[in-house]
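What follows is a set of notes on a single structure, which appears directly below.
The values are calculated or read from the model by the stated rules, or taken from the named source; none is laboratory data. Since we're looking at a predicted model, the values are computed, not measured. When we count neighbours, we look across all protein chains shown, and the Cβ atoms used for this are built from the backbone with ideal geometry, even at glycine.
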Amino acid sequence: MLNFSFHNTTKIHFGEGQISAIAKEIPIDAKVLVIYGGGSIKHNGVYQQVVNALEKHTWFEFSGIEPNPKYDTLMKAQAIIQDNNVDYLLAVGGGSVIDGVKFISAAAKFEGEDPWDIITKGAPVKAALPIGAILTLPATGSESNNGSVITRDGNKLPWGSPLVRPQFAVLDPATTLSLSDRQISNGVVDAFVHIMEQYLTYDVNGKVQDRFSEGLLQTLIEEGPKALDAETKSDMDVRANIMWSATMALNGLIGAGVPQDWATHMIGHELTASHGVDHARTLSIVLPAVMKVRRDQKRDKLVQYAERVWQITDGTDEQKIDKAIKATEDFFNQMQVPTRLSHVDVDAEFIDTLVKQLEQHGMIKLGEHGDIDLAESRKILMAAA
Ligand code: NZQ
Ligand code: ZN
């Protein structure tokens, strides 16, 4: 196992009715900015629960954060923060809202010229406004991690700081009942791929991390399809298991002390930036191709994945790997997400442009060995065509 330091400071309130807990979590003398997206929270009762819980607080609101949150939209919140001396941010929504709030939080305290420098030039985040989160879409893990992904002028880029990790997060599975099938699928697949990118590397004898990861993958394989099936989709246990899996997939626990490979995400971000493909749908296209092209480097873990996650025990190692890749694609198909570039109308001819975008964004040494260079990314994209 590799050395690691693990410290996750986000307090989780899990279960139905837990939104009321924000009343005690947010200091009573705080000036709160409630931040949300396009308005789904106004139709599913979440907004009203927030209003009720903040009855005794002073609060303002800012809405309109779009999926794949945009820098220009986020910067509009700064005037409200300054005009009202806001000192606490409450994010209510999915990964885009929470990621956006993280950027708003750091930008509000940024001393340099342009907060975009935090993302492109690594300008240090020395202070940030405290954040609380109410999660309505289990997928990204953003509710209890320090990462965020922001888009500006066709550039979709990740950044992070421990200062923007939410202080608390409310996870009420009932809030997910209003999600469309497409968003449920996206969430399950995003969480699945987060686990894979921390698991499918090389063996460092991290038995705890491996077993946690395998358990989470199996939970998503079992519960994901149930959340799409008319008979079981409203089952609160199904929703709860998916929600907790997605948080655990990217809260730092399973990734501590093991190598990681975020190539699928970095290549996927370029597809969202250029073609607007939903985040998770880029991952379901790229991951199987990564498994195929990186088969030699990932051989031992691919066999372990086949045996332990899919119970594929017959045949040679090569056959097990083939079957495991097929099982992964079948699972993605069952979850109704695409597995080829052609499924989202991206031509093989466009691969050159995607590779150029990766180069522009410095994504030239990806993977657990740092050896996925532009030529290797091209191979992966060709395998996904
Ligand atoms: O904006 P509203 O009206 O709320 O609608 C949203 C949005 O249209 C809707 N939605 C959310 N909760 C709902 C709901 N609709 C009905 N009922 C509910 N309960 O769903 C749509 C998509 O929301 P979004 O937040 O964009 O989805 P997701 O949670 O998948 O977030 C994706 C973003 O997170 C980034 C992605 O790159 C992408 O920008 N990621 C962030 C990560 C992190 N911070 O660690 C890691 C991830 O890998 C990912 O990159
Ligand atoms: Zn993701």
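For the stretch 275-330, filtering for residues that are away from ligand 1 (no atom under 16 Å from the Cβ) and of a type in the set (Val, Ile, Thr) leaves 9.
A single member of 100, 112, 132 is closer than 25 Å to residue 268 by Cβ and either within 16 Å of ligand 1 (Cβ to nearest atom) or surrounded by fewer than 19 Cβ atoms within 10 Å (Cβ to Cβ) (or both), and it is 100. Which condition from (1) within 26 Å of residue 347 (Cα to Cα); (2) in contact with a helix residue (DSSP H, G or I) (Cβ under 6 Å, 6 or more places away or on another chain) is the one that residue 239 breaks? Exception for residue 239: condition (1). Take the conditions within 23 Å of the chain's Cα centre (by Cα) and either aliphatic (A, V, I, L, M) or not in a helix (DSSP H, G or I) (or both) and apply them to residue 328. Does it pass? Taking the combined requirement at face value, the residue does not satisfy it. One residue stands out among those in the stretch 1-52 that are farther than 15 Å from residue 133 by Cβ and among the β-branched types (Val, Ile, Thr): the one that is surrounded by the most Cβ atoms within 10 Å (Cβ to Cβ), which is 51. Among the residues of the stretch 136-177, which ones are assigned to a loop (DSSP other than H, G, I, E, B), of a type outside the set (Gly, Ala, Ser) and within 9 Å of ligand 1 (Cβ to nearest atom)? Across the stretch 136-177, the qualifying residues are 136, 137, 138, 140, 145, 146. Contact map, the stretch 185-214: residues that are under 11 Å from residue 255 (Cα atoms) and in the same structural domain as residue 301 (by TED's automatic domain parsing) paired with residues that are within 10 Å of ligand 2 (Cβ to nearest atom) and of a type in the set (A, V, I, L, M, F, W, C), Cβ distance under 6 Å, separation 6+ or inter-chain. Pairs shown: 194/249; 194/250; 195/249; 197/262. For the stretch 180-189, the count of residues that are of a type in the set (Gly, Ala, Ser), within 30 Å of residue 235 (Cα to Cα) and more than 15 Å from ligand 2 (Cβ to nearest atom) is at least one. Of the residues 210, 203, the single one that is modelled with pLDDT of 95 or more, away from ligand 2 (no atom under 15 Å from the Cβ), within 18 Å of residue 328 (Cα to Cα) and more than 18 Å from the chain's Cα centre (by Cα) is 210. Only one entry of 220, 228, 177 meets the criterion of being touching an Asp or Glu at 6+ places or on another chain (Cβ under 7 Å) and either more than 15 Å from ligand 2 (Cβ to nearest atom) or within 12 Å of residue 249 (Cα to Cα) (or both), and that entry is 228. Restricting the search to helices (runs of 4 or more DSSP H) fully inside the stretch 37-100 and requiring at least 2 residues that are without any contact (Cβ under 8 Å) to a residue 40 or more places away in the chain, in contact with a Pro (Cβ under 7 Å, 6 or more places away or on another chain) and away from ligand 2 (no atom under 16 Å from the Cβ) gives an empty result.
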